[in-house]
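The values are calculated or read from the model by the stated rules, or taken from the named source; none is laboratory data. Please read these numbers as outputs of a predicted model, since none were measured by experiment. In this analysis, Cβ positions are derived from the backbone assuming ideal geometry, glycine residues included, and neighbour counts consider all displayed protein chains. Note: areas computed on protein heavy atoms with side chains; ligands, DNA, RNA excluded. Shrake-Rupley method; radii C 1.70, N 1.55, O 1.52, S 1.80 Å.
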Amino acid sequence: MLCIICREPQEKMSDEHVIPDSIGGFYHIYNVCVVCNSKLGELVDSPLVNHKLTDLYRFFQNIKGKSGKVPNPFYGITFYSKEEPEIKARIDVGNEGDIKIKYHPIVKVKESNGFVESIEIEVDTENEREIDTLINKIIKRKGIPESDIVKSEFRREIRTGGVGGKWEMDTLKFKIGLLKIAYEFAVDSIPEYYSDKNAVEISKVLKGANYEEVNKYAIIGNGLDAKIIEPFKDYLDFESKNHYLILTESNYGLLCLVKLHNLFYVGIVLSDKKYLNFHDTIVGLNDIENREFNKYKFSDVVNKCLASQHSFRFAYNLRSEDEAKELGDPNYRYEGNEKGEIPLYRYNGERYPFLVHELLERSHVEFSRCEDLVISRYYFDNDSEYFVKTMGTGKLYQVVAAEITQKQVRKF
Ligand SMILES: [Zn+2]
């Protein structure tokens, strides 16, 4: 079996998480080899899942990891007391996501003529036990005899102000994790994409963890801009914490929009070829609460958002003034009108072996909206002519499109 990352035939394949499981991904594929899987985890997934923003998000949402702990987004950052900048601190996060400020000990050694006059140590009240250890270290280093030491102690509470710190954030590396998600989703959803020349290039970028090359593909949005998914906001519930993958067309070519939590948003241009039309857009929904990942056609997503009660009408190709008049008659009915099972005829009166709703399923559809009403317009193919039969007179009228108006009742 060919591995989609190294593109070599491999015997040992793995269970690859397209969206890393540590951020609640439930999308698995099985065509990445064991070696590539482990490299991807280390060099490609890691800058994304260990990103300070991922930690910060999980911290604010109180999402515990496998260790049962809420991550500490402040780890590794030195904070400074606002009132006395020489006082340094770090911030710890408790198991329940509570914040604790821990001051670093301050040690001042006063010397004159090469002799130590005094050692002053300030520690956090919680760390009083550290004082002796620190003093002993200094005494040893300075070679002070035990008999010369006079200990005194005083306490004061000084740490009342806030702390500030400098937070450095990766703005480049994490995008490779998003590129991987988009690439694997596309290969899994459009099999012929695997042979695309851009797909071959992207698999090399991923295999070599070539961070600089990612910006060639991650060109829509800066990685954090929610605006890029707006064209889909009417139907997809972007307020939810769920992850969404959207494979669609764009002016650039094949595009994958990736939304992880309410945090990372990026548009990856996967190819200059289009592969899909807008109405064939594929939506991958990673439902965190129900722990599952499913793919949907965007047109099915739209239908799931709409109430079943709807109005239906045809667009006619009228051949004369008389036809227009007849159709305008309030008593005009065509066969199947009441039941919604509408038969279709050829010009010569021969009946087609399918009904209107079957024709709709394979027609090009365009959506438009008016407040909470959604209008789906289905255009029939031009290869054939379709007619409906008038009740009573049996006259045939040509129909070229159909329009269904439905109320939107939910987002997906
Ligand atoms: Zn491989």
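Structure data summary
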| read-out | value |
| --- | --- |
| Counting DSSP beta bridges with both ends in the stretch 172-300, the antiparallel % (nearest 5) | 95 |
| Contact order relative to length of the chain, as percent, for alpha carbon pairs under 8 angstrom and 6 or more apart | 12 |
| Calculated from backbone phi, Karplus (6.51, -1.76, 1.60) coupling profile of the stretch 38-53 in Hz, x at Gly/Pro | 6, 5, 4, x, 6, 10, 10, 6, 4, x, 7, 6, 9, 5, 3, 5 |
| Vicinal HN-Hα couplings computed from phi for the stretch 335-340 (Karplus, 6.51 cos²θ - 1.76 cosθ + 1.60; Hz; Gly/Pro x) | 4, x, 3, 6, 7, x |
| Over 22 Å [Cα-Cα, the stretch 131-271], rounded percent | 55 |
| Cα long-axis angle, helix 197-207 against the chain (0 to 90 degrees, to the nearest 10) | 20 |
| Carbon plus sulfur fraction of accessible area for the chain, probe 1.4 Å, in percent | 48 |
| Cross-link pairs LYS82/LYS137; LYS102/LYS142; LYS66/LYS411; LYS64/LYS295; LYS108/LYS140 - those with Cα-Cα distance over 23 Å | LYS82/LYS137; LYS102/LYS142; LYS66/LYS411; LYS64/LYS295 |
| Positive dipole terminus of the stretch 235-318, leading residue within PHE238, ASN290, ASN303 (C-beta point charges) | ASN303 |
| Relative contact order computed over the stretch 172-300 (Cα-Cα under 8 Å; 6+ residues apart), in percent | 23 |
| The chain: equivalent-ellipsoid semi-axes (sqrt of 5 x gyration tensor eigenvalues, Cα, Å) | 67, 25, 16 |
| Whole-Å distance, taken between Cα centres, linking the stretch 369-412 and the stretch 1-48 | 45 |
| Quotient of C-alpha Rg and 2.2 N^0.38 Å, computed over the stretch 210-360 | 1.50 |
| Mean residue ellipticity (222 nm) of the chain, computed from DSSP H runs ≥ 4 via -39,500 (n - 2.57), nearest 500 | -5500 deg cm²/dmol |
| Surface per residue (accessible, 1.4 Å probe) for the chain, Å² | 57 |
| Largest-first ordering by accessible area, 1.4 Å probe, given options ASP383, ASP196, ASP148 | ASP383, ASP148, ASP196 |
| Integer Hz, Karplus 6.51/-1.76/1.60 couplings in order for the stretch 225-238, x for Gly and Pro | 9, 5, 4, 5, 9, 3, x, 10, 5, 5, 10, 9, 8, 6 |
